[in-house]
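Have a look at the structure below before the remarks.
The values are calculated or read from the model by the stated rules, or taken from the named source; none is laboratory data. As the structure is a computational prediction, the values presented were derived from the model and not from experiment. Quick reminder, even Gly has a Cβ in these numbers, built from the backbone with ideal geometry, and neighbours come from all protein chains shown. The protein model used for the area step is the full one, side chains on, heavy atoms only, and it has no ligands, DNA or RNA in it. Shrake-Rupley method; radii C 1.70, N 1.55, O 1.52, S 1.80 Å.
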Amino acid sequence: MLKIVVCVKAVPDPKKACDIKIDPKTKTLLRCDVPMVINPLDKHALEAALQIKATGEAYITVLSMGPPNAGAIVKECLALGADKGILLSDAAFGGADAFATAYTLAMGVQKNGAADVVLCGMASSDGATEWVGPEMAVMLDMPVVTMVREIVAHNNEAWEVKAALENGYRHMKVRLPAVFTVTRDLNTPRTLSFSGIIKARKKEITQWGLDDLGVPAEKVGLKGSPTIVTEMRAVENTRTVEFMEGTREEKAEQLVQKLAEVGVL
Amino acid sequence: MMENANPVWVIADQENCNLLPVTLQLVGKARSLADDLGVSVEVVLLGDGVEAQADNLFGAGADRVYLGNDPELANYHPDVYTDVIVGLAEVQEPQIVLLGSTSMGRELAPLVAARLKTGLTAHCIDLCINKDKILEQVIPAYGGEITIVCPERKPQMATVAQGVFPLPVPDEGRTNEIVPVEGPFQHKGRVEILEVVMEEPEGIPLDSAACVLAGGAGAGDHNGWDLIARLAKELGAGLGCTRPAVDEGWAELETMIGQSGKMVSPETYLGIGLSGEQQHMVGIAGAKTMVAVNNDRKSPVFNQVDFGVVDDCREFLPVLLEKIREYREKQASC
Ligand SMILES: Cc1cc2nc3c(=O)[nH]c(=O)nc-3n(C[C@H](O)[C@H](O)[C@H](O)COP(=O)(O)OP(=O)(O)OC[C@H]3O[C@@H](n4cnc5c(N)ncnc54)[C@H](O)[C@@H]3O)c2cc1C
Ligand SMILES: Nc1ncnc2c1ncn2[C@@H]1O[C@H](COP(=O)(O)O)[C@@H](O)[C@H]1O
């Protein structure tokens, strides 16, 4: 049976992201007031796993590192059809950069037992480094393909995928175990069903902290992060806006005039 | 004892044996960082038939090029390229390593960083050396900019999008050195590249468009997006977008403008239904005229443009398209 681990991150709802501010003292993000959702691209990663499971034998574990309330998104993944949910949560994990995040997740994958496939989103909507998938791959000594947009063929030994390039794609064959990061072109994620929610009620979420992973505190969270934020600045605005005023027609006419003056029309 | 004399590195990115502009831009930037540190600039150039490109790297400011020229290196291969670069870096110990935020760089940078157990900053918009001789890496975040450093571990690694730094003026008279990188270049057999296929991009290329129009979440749905696309066509503008437009499936990722997308430098920029978040706005460099259409007069986007229209874009664009048609007719008749 193919063992798939899907890494899902709880992110502040991107639709409300403007409300997030940086804490001037700790220099981490204050994300308290924004509701947490599944990172949009991670839904595509989960969907890929669910589709594989629909065509053969697979066991899907969802893995997330985050604050205790990230358990809600793990639960949501269970309701969508994942078999097992793991939340890596510990005060020591806080403030992690991509490197420390990848390390902690890799330790989670290892503790969970041998994985054949690890799926990630290409990027998270709040971190957006794109680093976590490839860095985990190195730490797990697995190959990685980023930006997978199509799974051409798959079996328990190897996957054949197409991965996006700026103007084109790479067609690759990858021996398992392997890490893949996916783009939104890969599939259309399913939505929650009532029966899924009922079934998920019976599924437990496993929560692991620092001691469960058995790793030193220096290697996780802020302490385990090679990069640190040192400074924050507001950006000055250098332009002054002139509004087009009047009725809709008048505004359009004025804008046409402006566009003609600058040579666009 | 010598001060830290470790070099500044750039990993070159090439397509069909031609350097990508971002590589030369990074070498130019590396030159100024290296001058501040009093060290040399070294470039790792991998490919097959790329030896002629070394001169361009020297002209841009490189002192030394590590040249891996081999059929096995023709295409970027994650395992092979990572092994070569990590192998060299462990011996040469660069203090800084820069890569372009290209398809290759975005995958290769974290592979190299994780192997070297060091930090990596994504999509920087500025780089400089501080008084402690540490690399300050600037990225936009949450309405402003933040500075990131990697003070304890080396190398300090960053990726930068094409167009963030200018192309350096070629300087012919530099002394320089080519160091061949010897094979064999073997991969572990885990990843096999069956084919690399290039596709023609659709529409007006964003990088070179004189007018760029970007649409955002305010489009509302596919119909709203179609209006924005029609306006772009009507104006002969390159059509870009913000991230929500990609997330909603209205626009392709390749057309996203900003920190983690494309950098553009048009004469005129129009932003429709977008809020002017830093991560998007940093992608627009040096536009003479900036215009925004947004239904919220208080939207921060209006602090960053010259002309503003407060209106629902879904209602306003049809009227604007009509007025453009009328204007064109009038021009044609006189
Ligand atoms: C690390 C990181 C990197 C990122 N990189 C990028 C990047 O490269 N590019 C990018 O674009 N984003 C990027 N983002 C996301 C970015 O922060 C913003 O979330 C995004 O740019 C917002 O897009 P928007 O303005 O379209 O949407 P919103 O911020 O939701 O704004 C929509 C705007 O439309 C207006 N509006 C709503 N309805 C209408 C209507 N009917 N008519 C007119 N106006 C309307 C609203 O008033 C609002 O101002 C990144 C984020 C992070 C954390
Ligand atoms: N805290 C986290 N928990 C689980 N998965 C994560 C976490 N952070 C990042 N990821 C995974 O890594 C991908 C890329 O994230 P990033 O490197 O932050 O852009 C995401 O789409 C997730 O699949």
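When chain B is treated as a GNM with alpha-carbon contacts under 10 Å, the residue of B:Val197, B:Val310, B:Val22 showing the greatest mean-square fluctuation is B:Val197.
Go ahead and run the numbers for FRET between A:Lys111 and B:Asn176, Cβ-Cβ distance against an R0 of 51 Å, rounding to 0.05. Intermediate values should be presented prior to the final figure.
Working: r = 50 Å, r/R0 = 0.98.
Approximately 0.50, to the nearest 0.05.
Taking the C-alpha atoms only, the angle from helix B:21-37 to the longest principal axis of chain B is near 60 degrees. Over segment B:188-231, the Kirkwood radius and the radius of gyration, each from Cα atoms, give a ratio Rg/Rh of 1.25.
For A:Thr129, nonlocal amide neighbours, meaning residues 5 or more places apart or on other chains whose placed amide H falls under 5 Å from its own, are A:Ser124. Looking at chain A as a GNM with Cα springs under 10 Å, which of A:Ala70, A:Ala178, A:Ala217 has the largest mean-square fluctuation? Its mean-square fluctuation being the largest, the pick is A:Ala217. Counts of other chain beta carbons within 10 angstrom of each beta carbon in peptide B:150-157 average 3. The slack between B:Leu194 and B:Ala210, meaning 0.36 nm per residue of separation minus the straight C-alpha distance, is 2.0 nm. Each of B:Val39, B:Cys124, B:Ile85 was placed along the dipole of segment B:1-144 (beta-carbon charges, centred on the mean Cα), and the one lying farthest toward the positive end is B:Cys124. Can you list the lysines whose alpha carbon is less than 27 Å from that of B:Lys323, not counting same-chain residues fewer than 8 positions off? Partners found: A:Lys251, A:Lys258, B:Lys233, B:Lys288, B:Lys298. Take the accessible area of B alone and of A alone, subtract that of the pair with a 1.4 Å probe, and the total buried over both chains is about 7200 Å².
Neighbouring Cβ atoms from other chains, within 10 Å of the Cβ of residues in A:169-182, number 4 on average. A helix-only calculation puts chain A at -8500 deg cm²/dmol for mean residue ellipticity at 222 nm, using -39500 (n - 2.57) for each DSSP H run of at least four residues, averaged over all residues. Taking the Cα centre of chain B as reference, the dipole from Cβ charges on Lys and Arg (+1) and Asp and Glu (-1) amounts to some 900 debye.
Counting alpha carbon pairs within less than 8 Å and at least 6 residues apart, what relative contact order, in whole percent, applies to segment A:94-197?
On the way: 167 pairs, mean separation 28.8, N = 104.
Normalised by residue count, the contact order of segment A:94-197 is 28 percent.
A straight Cα-to-Cα reach below 19 Å connects B:Lys133 with the lysines B:Lys29, B:Lys154, residues fewer than 8 places away in its own chain not being considered.
First obtain the Kirkwood hydrodynamic radius of segment A:175-245 from its Cα pairs, then insert it into the Stokes-Einstein equation at 20 °C and 1.002 mPa s, and state the resulting D in µm² per second as a whole number. Approximately 109 µm²/s, per Stokes-Einstein. Distance between the C-alpha centres of segment A:79-102 and segment B:92-109: 27 Å, rounded to the whole angstrom.
In terms of its alpha-carbon gyration tensor, segment A:95-175 comes out oblate; a/c meets the 1.5 threshold, while b/c is at least as large as a/b. Taking a threshold of 18 Å on the Cα-Cα distance, which of the pairs A:Lys15/A:Lys162; A:Lys3/B:Lys117; A:Lys3/A:Lys199; A:Lys173/B:Lys188; A:Lys9/B:Lys262 fall above it? Going by Cα-Cα distance, A:Lys15/A:Lys162; A:Lys3/B:Lys117; A:Lys3/A:Lys199; A:Lys9/B:Lys262 fall outside the 18 Å limit. Think of segment B:225-334 as having a plus end and a minus end, set by charges on the Cβ of Lys, Arg, Asp and Glu; of B:Gln259, B:Tyr327, B:Phe302, B:Tyr327 sits farthest toward the positive end of this dipole. Entry note, chain B: relative contact order of 14 percent, from Cα contacts under 8 Å with a spacing of 6+ residues. Put simply, chain B fits an ellipsoid with semi-axes of 41, 22, 18 Å; these come from the alpha carbon gyration tensor as the roots of five times its eigenvalues, largest first. Dipole orientation for chain A: of the candidates A:Pro68, A:Val241, A:Ala10, A:Pro68 has the Cα lying most toward the positive pole (charges on Cβ; Lys, Arg +1; Asp, Glu -1). Taking every protein chain into account, the 1.4 Å probe leaves B:Ile193 with about 50 Å² of accessible area, to the nearest ten.
Tell me what chain B gives for mean residue ellipticity at 222 nm when only DSSP H runs of n ≥ 4 count, each as -39,500 (n - 2.57), the sum divided by the residue total, rounded to 500 deg cm²/dmol.
Values: 8 runs with 96 residues, N = 334.
That comes out to -9000 deg cm²/dmol.
Work out the mean other chain Cβ neighbour count within 10 Å for the residues of A:146-153 and drop it here as an integer. Don't skip to the end; give the middle numbers.
Working: counts 7, 4, 0, 1, 0, 0, 1, 0.
Whole-number average of other-chain Cβ neighbours for A:146-153 is 2.
Segment B:191-245 and segment B:7-65 have their alpha-carbon centroids 31 Å apart.
Against the main long axis of the alpha-carbon atoms of chain B, helix B:78-92 sits at an angle near 50°.
Restricting the calculation to alpha carbons of chain A gives Rg and Dmax of 21.8, 68 angstrom.
What is the ratio of the Cα radius of gyration of the protein assembly as shown to 2.2 N^0.38 Å, where N is its residue count, to two decimals?
Values: Rg = 24.5 Å, N = 599, 2.2 N^0.38 = 25.0 Å.
So the protein assembly as shown has a normalised radius of gyration of 0.98.
When the trypsin sites (Lys or Arg not before Pro) in segment B:173-240 are filtered for DSSP coil states and for at most 13 other beta-carbon atoms within 10 Å of their beta-carbon, the remaining sites are B:Lys188. Considering all C-alpha pairs of segment A:138-264, those separated by over 23 Å amount to 72%. Listed by chain and number, the aspartates and glutamates whose alpha-carbon sits under 12 Å from that of A:Lys75, ignoring those within fewer than 8 places in the same chain, are A:Asp83, A:Glu204.
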